[in-house]
Amino acid sequence: MNAPTAAAHLLPEIQLRDVPQALIDALQARFGAQCSLAQAVREQHGRDEGSLQAPPPSAVVFAESTQDVAEAVKLASQYEVPMIPYGAGSSLEGHLLAVQGGISIDVSRMNQVLSINAEDLTVTVQPGITRKALNEAIKDTGLFFPIDPGADASIGGMSATRASGTNAVRYGTMRENVLALEVVTASGEVIHTGTRAKKSSAGYDLTRLMVGSEGTLGIMTEITVRLYPLPEAVSAAICSFPSIEAAVRTTIQIIQIGVPIARVELIDHHTVRMVNAHSKLTLREEPMLLMEFHGSPASVKEQAEMVQDIASEFGGQAFEWASTPEERTRLWTARHNAYFAAVQSRPGCRAISTDTCVPISRLADCLLESVDEVEASGIPYFLVGHVGDGNFHFGYLIDPNSAEERTKAEAMNHTLVARALSMGGTCTGEHGVGIHKMGFLLDETGTGAVDMMRAIKRALDPKNILNPGKIFAL
Ligand SMILES: Cc1cc2nc3c(=O)[nH]c(=O)nc-3n(C[C@H](O)[C@H](O)[C@H](O)COP(=O)(O)OP(=O)(O)OC[C@H]3O[C@@H](n4cnc5c(N)ncnc54)[C@H](O)[C@@H]3O)c2cc1C
């Protein structure tokens with residue numbers, strides 16, 4: 001591991017490539033009303049939920065089929081113009097910014113379920129379907145798709161960022177749950193990777209290469225994912241703790257003794273206060289763990305008892321249970337809205353989100369040192385964590401007009417990443433690299449690994465037109 005570089009947080013120089021009028025004319029001729037040049041549409045597609053900014057793309061193509069994607073890509077390739085795939089726009093690290101200009105290819109209208117194979121526990125979908133729409137579409141099958149980033153992200157975007165969320169501690173991330181893909185390559189060819197079989201040793205694992213490639217290697221147009229039986233019994237519980245350390249040490253022990261907990265989320269006392277105000281709740285304003293247990297009634301009971309015993313050793317207050325679906329939905333909605341609750345707590349602010357993930361045994365050290373640091377900085381913040389995975393997010397709530405606050409927040413992010421790397425962790429557990437973490441990737445993997453990524457990128461996208469300027473500089 002190299003020492004982290006100070007330039008890790010800087011937006012790379014904007015180097016807009018020419019978008020010839022001939023390409024715009026060709027796109028309009030082929031796509032008609034599916035191609036928008038409207039300023040508001042372009043601006044909406046040229047930003048994400050993060051805090052970085054760049055000029056918008058020159059046009060937005062709303063693809064409605066694989067053929068639309070392939071033809072848009074062929075046209076852009078002919079003129080060597082960048083293309084940025086767009087799902088639901090909820091990414092956080094500058095993924096969607098047109099830092100080299102170009103066109104946005106929005107796949108949100110490709111939102112159909114193509115086939116449900118309930119007996120095999122798989123479903124094949126178009127990339128624009130969102131995780132909530134997918135679960136709604138399969139609700140009568142007795143199955144569900146567990147991956148749940150806080151936002152209602154698209155399955156294509158989630159595959160492209162290798163997303164996870166609150167359920168990953170039990171069900172894994174997109175890495176474990178994408179089985180097969182249809183992909184439009186940089187030249188406009190349509191290829192298939194993987195199958196619906198549970199496992200395969202057939203050559204290079206291109207599915208896993210595409211998952212997490214952030215739109216830089218191809219545009220996914222069909223995705224097959226695993227589904228899971230809805231658990232027979234589900235119980236959610238909140239437990240408040242005297243300190244963050246007590247909550248984290250409880251989590252570590254839960255994981256180390258192998259309780260198959262489905263969700264275990266840390267929310268610090270600042271964030272509980274913000275969530276109470278936003279979601280009109282009356283949760284105790286103390287650090288808390290929000291947990292969920294899945295299984296048979298007997299196994300849920302057994303897991304809950306084990307966890308209660310552990311929590312009480314660390315001073316956890318009496319559990320509050322939410323056993324009806326309505327109570328659970330209210331709690332998890334409040335958790336998923338924590339980001340928006342935090343942003344509303346300081347009107348006009350932008351959140352700089354961190355995403356470090358460390359081996360579980362180092363979670364308390366990493367988290368507690370980082371809390372001390374942010375408390376001393378005076379910058380308002382929120383703290384939530386998928387702590388069962390060793391993954392946590394600070395959101396530094398900065399005034400976007402204050403260079404001083406941005407510099408301070410980025411410096412803390414920088415120190416936090418250095419701390420996580422020194423403990424065997426990663427700069428990004430689930431949000432991806434985008435622009436914001438490009439320097440950190442180099443710190444984490446070293447030049448040899450980044451050079452190998454560059455070689456793959458050059459081989460698959462020799463004109464550097466698929467979401468260029470992301471993950472690493474070419
Ligand atoms: C409040 C909030 C909470 C969040 N919580 C979590 C969380 O818990 N866990 C987590 O993992 N993330 C979380 N995120 C981040 C975000 O939701 C994820 O990164 C998500 O996977 C992005 O999906 P999207 O559809 O919005 O993709 P977009 O933002 O549209 O795109 C993301 C990237 O994927 C590429 N892309 C999109 N579609 C395709 C495609 N079909 N083919 C190829 N590339 C494509 C884009 O070019 C871009 O690089 C959160 C975000 C917010 C705002």
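The values are calculated or read from the model by the stated rules, or taken from the named source; none is laboratory data. Worth saying up front: this structure is predicted, and the values here are computed from it rather than measured. A quick note on method: Cβ atoms are made from the backbone with ideal geometry, for glycine too, and the neighbour counts reach across all protein chains shown. Quick note on the areas: whole protein, heavy atoms, side chains included, nothing else; ligands and nucleic acids left out. Shrake-Rupley method; radii C 1.70, N 1.55, O 1.52, S 1.80 Å.
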Worksheet item: Would you pick out the residues in the stretch 200-242 that are free of Cβ contacts under 8 Å to residues at least 40 places away in the same chain and within 16 Å of the ligand (Cβ to nearest atom)?
Response: 206, 207, 208
Discussion item. Condition first: away from the ligand (no atom under 16 Å from the Cβ), under 17 Å from residue 280 (Cα atoms) and without any contact (Cβ under 8 Å) to a residue 60 or more places away in the chain. Now tell me which residues in the stretch 302-336 satisfy that.
Written reply: 326, 329, 330
Item to complete: Select, from 252, 257, 238, 219, the only residue that is closer than 29 Å to residue 141 by Cβ and hydrophobic (A, V, I, L, M, F, W, C).
Response: 219
Practice prompt. For residue 327, indicate whether it is surrounded by fewer than 23 Cβ atoms within 10 Å (Cβ to Cβ) and touching a Leu at 6+ places or on another chain (Cβ under 8 Å).
Written response: no
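For every residue, the table says whether it meets (1) within 16 Å of the ligand (Cβ to nearest atom); (2) open to solvent by less than 10 Å² (accessible area, probe 1.4 Å); (3) farther than 22 Å from residue 157 by Cβ.
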position	(1), (2), (3)
338	yes, yes, no
343	yes, no, no
366	no, yes, yes
371	no, no, yes
376	no, no, yes
384	yes, yes, no
397	yes, yes, yes
407	no, no, yes
427	yes, yes, no
Worksheet item: If a residue has to be open to solvent by less than 40 Å² (accessible area, probe 1.4 Å) and away from the ligand (no atom under 16 Å from the Cβ) to count, how many in the stretch 450-474 make the cut?
Response: 1
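For every residue, the table says whether it meets (1) open to solvent by 10 Å² or more (accessible area, probe 1.4 Å); (2) closer than 22 Å to residue 329 by Cβ; (3) of a type outside the set (D, E, K, R).
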{"site": "250", "(1), (2), (3)": "no, no, yes"}
{"site": "264", "(1), (2), (3)": "no, yes, yes"}
{"site": "274", "(1), (2), (3)": "yes, yes, yes"}
{"site": "282", "(1), (2), (3)": "yes, yes, yes"}
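A quick yes/no check of all residues on (1) open to solvent by 50 Å² or more (accessible area, probe 1.4 Å); (2) more than 30 Å from residue 349 (Cβ to Cβ):
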| residue | (1), (2) |
| --- | --- |
| 37 | yes, yes |
| 69 | no, yes |
| 83 | no, yes |
| 90 | no, no |
Practice prompt. Kindly provide the set of residues from the stretch 206-241 that are farther than 29 Å from residue 289 by Cβ and outside the structural domain of residue 178 (by TED's automatic domain parsing), ordered by number.
Written response: none
Worksheet entry | Residues satisfying the stated conditions in the stretch 36-58, i.e. within 14 Å of the ligand (Cβ to nearest atom) and small (Gly, Ala, Ser) | 46, 50, 51, 54
Discussion item. Here's a check for you: in the stretch 181-192, which residue that is within 13 Å of the ligand (Cβ to nearest atom) and either assigned to a loop (DSSP other than H, G, I, E, B) or open to solvent by less than 10 Å² (accessible area, probe 1.4 Å) (or both) is farthest from residue 230 (Cα to Cα)?
Written reply: 186
Fill in: strands (runs of 3 or more DSSP E) contained in the stretch 98-180 and holding at least 1 residues open to solvent by less than 50 Å² (accessible area, probe 1.4 Å) and farther than 22 Å from residue 205 by Cβ
103-106, 113-117
Worksheet, complete the sentence: Of all helices (runs of 4 or more DSSP H) fully inside the stretch 397-474, the set with 2 or more residues that are among the acidic types (Asp, Glu) is 403-422, 438-445
Response to the item:
Within the stretch 202-237, residues being open to solvent by 10 Å² or more (accessible area, probe 1.4 Å) and over 25 Å from residue 106 (Cα atoms) number 12
